[in-house]
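All of the numbers you see were taken from the coordinates with simple rules; none came from a lab. This one's a predicted model, so the numbers in the text were calculated from it and none came from an experiment. No Cβ is skipped: glycine too gets one built from the backbone with ideal geometry, and neighbour counts run over all protein chains shown.
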Amino acid sequence: MPDTPDYSWPAVEKRRVIGKRTSRLDGYAKSSGTAKYSYDIQRPGLLYGAVLTCPHAHARLTSIDAGAAQKSNGVTAVELLAKPGEEIHYAGYEVAAVAATSEDLARDALRKIKVEYEVLPHLVSERDLAKAGSRAKPSGEQVTGDPDQAFKDADAVSEGFYGIPVINHCCLESHGQVIEWKGNQFEYWPSTQNLSGIGGDLAKVLEIPATSVHTHMDVMGGGFGSKFGHDRWGEFGARLSKKSGGRAVKLFLDRSTELQIAGNRPSLFAKIKLGGKKDGTMTVWQSESWATGGVGGGGLPAGQLPYVFRGVPNKRMTHTSVSVNAAEERAWRAPNNPQLSYVTCCAMEDLAAKLNVDPVAFFDKNLDYAGKIPGPEAYRAQLKKAAELAEWARLWHPRGQSGSGSVKRGLGIGFNAWGGLGHPSKCLTTINPDGTVKVELGSQDLGTGTRTVIAMVAAETLGLPVAAVQVRIGDNKYPPSGPSGGSTTVGGVSASTRKSTMNALAKLFEVVAPALGVPADQLEAADSKIQVKGSPSKNLTWKAACRKLGTKSIAEMGENAQRGPGGLIGSGVGGVQIADVSVDTETGIVKMNRVVAVQDCGLVINPKTAESQCFGAVLLSISAALTEERVMDPVTGRILNADMEFYKLTGIGDVGEIIVHLNREPEHDKRGVIGLGEPPVIGGIAAIANAVTNAIGVRPPVVPLTPDKVLAALEGRNA
């Protein structure tokens, strides 16, 4: 028997579970309402937390008095989170918190806290870089080749301004937790993307041993990159519980506070000048870009432009980070990539129009500038497939030539690229004498179908149906698994699950081999049996094989090594999206007809949930392209739309048809599992903006493409 089993994925023709469309294991619980989110946790004597925030964009706290609040009816604890003399840099910053026997009593107590401020000057908009003053931090100019000569030699030059604003995180389950602290032990139910790590991080702040924290979370209501840390509310929620005699405290941000301080995706504005040849070759790129994500600015290396097409021989780029009085940015599904894709693909389509070249041909021509992974030829195949599914040859037309009538139709293109290497992960598989199987990981399922993927990998390995595998995640008592960020989860947990189940199966083979009269390495698991390779009639049923264990169970670990042998995981993917829109030139309303998303993600474990990831990503792109924007009041420095009425998200009636095509050819499949969460959210905004421009013949430069912006662009063209 070899020391290490062959962990590689089974050949396509041998797969019975992997690659098959499988419904989510938690689908019924979620759709029926029986799934328990952290927000749903009810503990004996549960208390409710509430937070008082600063109303000013920039201020110095001069005094704070919570005496009346401490004496208020039902209040069990008060925490002062800011001190006199402290400078506060954005509205919504937490200055005090209370715990009380009801939410109403907690909020009543907040109103009794007296706080005085010295209001200071603020800046909340970065769009006009000239007004940023000392808040602007340029990164310096980067030059490649000879841009000046390339512009002189170009057959056509295109110049434009492009902008994509700050958008807020807007998780359906807001940020927060339930905490119950008793002595130096506490139970912790956060809404988190980092189940294995968050408790230990909080323990450091509270100066208690990491082993004192028991973290639970069965399901969560969205994170999108914003829920890795315990945050200040985790720390003061714990202290409120301790001050309240160890009673559990439920503290989740209200919707307004959530939209102010729980994270955002930074903006990106750019003045871009391109040059090219008549044959459609882009020869030179020049960009002056700036961005903000809040008080920390909004930096990205200027060298990240142009997105995907970085091999352009002549480039000149600068980037400026602008600090504004708003809460800090957080990772937002594919950090910075949607913004980079937007300004790049829009500027390139404008150059294509200047050269009178079909955008499909133009992008195809310039894909030699793309990186090695997934590579120019992979992108070309994706572009060809997307054009076919979008009926590009039949529906596309040069800009503004969409016929008579007030409703104009247009098509546009966007590109994406991503890494997606699986994170570190450990898994424990237990095979019991009664035939039951447990697979345990300290992972989380953000709603992406992680539980189901784990069960499918285990079932494939053990030759069992998916329903025969008990998946246990959502608790830090299980072997640790990495945080869910960067599209790393499915790769990490599928590799550790594969190795753990293979290790356990090898032990079972050793026990069963004498009964079947062959060496252990001549056995295989299939169709709920342990059988002899090449002689499937020589077998034991799964349960009969497990009875050979007697009274002992098999428990074996498996660990994902990110660069280890076996080809279980990979990284580096790409995709192409084409949007099809109709624009009413009288009202400025954009209607989505269709979005085609062609995407590479390596080996697809579950096509059903993989496609679902693409559907969700496209929905986010449509929202950001057409409606979503953080609106700041320059006078008060506050967010004007920090609520679910005016922070506009697209609804199901706004999205049109979504067509997803996953690249499942052998050359993609053999690369192993690669993350899929981020890449399909990247190119859609650019594709939609380009489609609108194609329809009406003029570019509205800044998204979201609300009716007023569309009409303003049309008015400018007519003028």
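Can you check how the C-alpha radius of gyration of segment 1-75 compares to 2.2 N^0.38 Å, as a plain ratio?
Normalised by 2.2 N^0.38 Å, the Cα Rg of segment 1-75 equals 2.40.
Any chance you could get the radius of gyration and Dmax over the Cα atoms of segment 628-715, in Å?
In order Rg, Dmax, the Cα atoms of segment 628-715 give 18.3, 58 Å.
Excluding the sites themselves, what is the longest stretch of the chain that contains no GluC sites (Glu not before Pro) in a DSSP loop with at most 13 other C-beta atoms within 10 Å?
Here the longest run is 208-585.
With each pseudo-label sitting 7 Å past Cα toward Cβ, what's the K543-E510 distance in nm, one decimal?
Result: 2.7 nm between the two label points.
Residue separation times 0.36 nm, minus the C-alpha to C-alpha distance between D521 and A467: what's the value?
So the chain would gain 16.8 nm between D521 and A467.
Distances over 36 Å make up what percent of all Cα-Cα pairs in the chain?
Looking at the chain, the distances longer than 36 Å represent 48 percent of pairs.
Taking amide hydrogens as modeled 1.01 Å from N in the peptide plane, which residues meet the under 5 Å criterion relative to Q177, leaving out close sequence neighbours?
Excluding prolines and chain starts, which carry no amide H, the hits are L251, F252.
Counting Lys and Arg as +1 and Asp and Glu as -1, each charge on the Cβ, what is the dipole of the chain about the Cα centre in debye, to the nearest 20?
For the chain, the charge dipole is close to 1300 debye.
For segment 662-678, in order, what is each residue's ³J(HN,Hα) by Karplus, 6.51 cos²θ - 1.76 cosθ + 1.60 with θ = phi - 60°, in whole Hz (x at glycine and Pro)?
8, 6, 10, 5, x, 5, 7, 4, 6, 7, x, 6, 10, x, 10, x, 7
Is segment 123-228 best put as rounded, prolate or oblate by its Cα gyration tensor, with a ≥ b ≥ c the root eigenvalues, rounded for a/c under 1.5, and otherwise prolate when a/b is larger than b/c, oblate when not?
prolate
7 Å from Cα along Cα→Cβ at both V119 and D153: what's the point-to-point distance in nm?
5.8 nm
Please name which of I18, L268, P519 has its Cα lying farthest along the dipole of the chain towards the positive end, using unit charges on Cβ (Lys, Arg +1; Asp, Glu -1) and the Cα centre as origin.
P519
Taking amide H atoms as placed 1.01 Å from N in the peptide plane, list the residues 5 or more away in sequence, or in a different chain, whose amide H sits under 5 Å from that of H56.
G92
So which trypsin sites (Lys or Arg not before Pro) in segment 518-561 pass both tests, a DSSP loop state and at most 13 other Cβ atoms within 10 Å of the Cβ?
Hits after loop and neighbour filter: K533, K552.
Counting pairs of alpha carbon atoms under 8 Å apart in space and at least six apart in sequence, what relative contact order in percent does the chain give?
Once divided by the residue count of the chain, the mean separation gives 17 percent.
Once Lys and Arg get +1 and Asp and Glu get -1 on their Cβ, which of I674, Q613, G656 lies farthest toward the positive end of the dipole of segment 595-711?
I674
With only Lys, Arg, Asp and Glu charged, each at its Cβ (+1 for the first two, -1 for the last two), find how big the charge dipole of segment 447-592 is about the Cα centre; round to the nearest 20 debye.
Rounded to the nearest 20 debye, it is 840 debye.
Residue by residue through segment 219-236, what is 3J(HN,Hα) from phi via Karplus (6.51 cos²θ - 1.76 cosθ + 1.60, θ = phi - 60°)? Round to whole Hz and write x for glycine and proline.
Listing the rounded values in order: 9, 9, x, x, x, 6, x, 9, 10, 8, x, 6, 6, 5, 5, x, 5, 6 Hz.
Taking K and R as +1 and D and E as -1, what net charge do the other residues with C-beta under 11 Å from the C-beta of G27 add up to? Intermediate values should be presented prior to the final figure.
Working: positive: R24, K30, R451, K608; negative: D26.
It works out to a net charge of +3.
Rounded to the nearest angstrom and ordered from largest down, what semi-axes does the equivalent ellipsoid of segment 356-502 get from its C-alpha gyration tensor (root of 5λ)? Numbers along the way, then the final one.
Numbers: eigenvalues 428, 58, 40 Å².
The answer is 46, 17, 14 Å, longest axis first.
Taking neighbour Cβ counts within 10 Å as the exposure measure, how do V407, V322, V95 sort from fewest upward?
Ordered from fewest to most neighbouring Cβ atoms within 10 Å, V407, V322, V95 come out as V407, V95, V322.
Only counting other Cβ atoms within 10 Å, I'd like M502, M348 sorted with the fewest neighbours first.
M502, M348
In nm, what is the difference between 0.36 nm times the number of residues separating E103 and D434 and their Cα-Cα distance? The partial results should precede the final answer.
Details: separation 331, 0.36 × 331 = 119.16 nm, distance 4.84 nm.
Full-extension gain reported as 114.3 nm.
Multiply the residue gap between E388 and V143 by 0.36 nm, knock off their C-alpha separation, and tell me the result in nm, one decimal place.
84.4 nm
Sticking with the crude label model, points 7 Å out along Cα→Cβ, report the distance from N593 to Y28 in nm, one decimal please.
4.3 nm
Each residue of segment 160-168 in turn: what ³J(HN,Hα) in whole Hz from Karplus with 6.51, -1.76, 1.60 and θ = phi - 60°, glycine and Pro shown as x?
Whole-Hz 3J(HN,Hα) from phi for segment 160-168: x, 10, 9, x, 9, x, 5, 10, 8.
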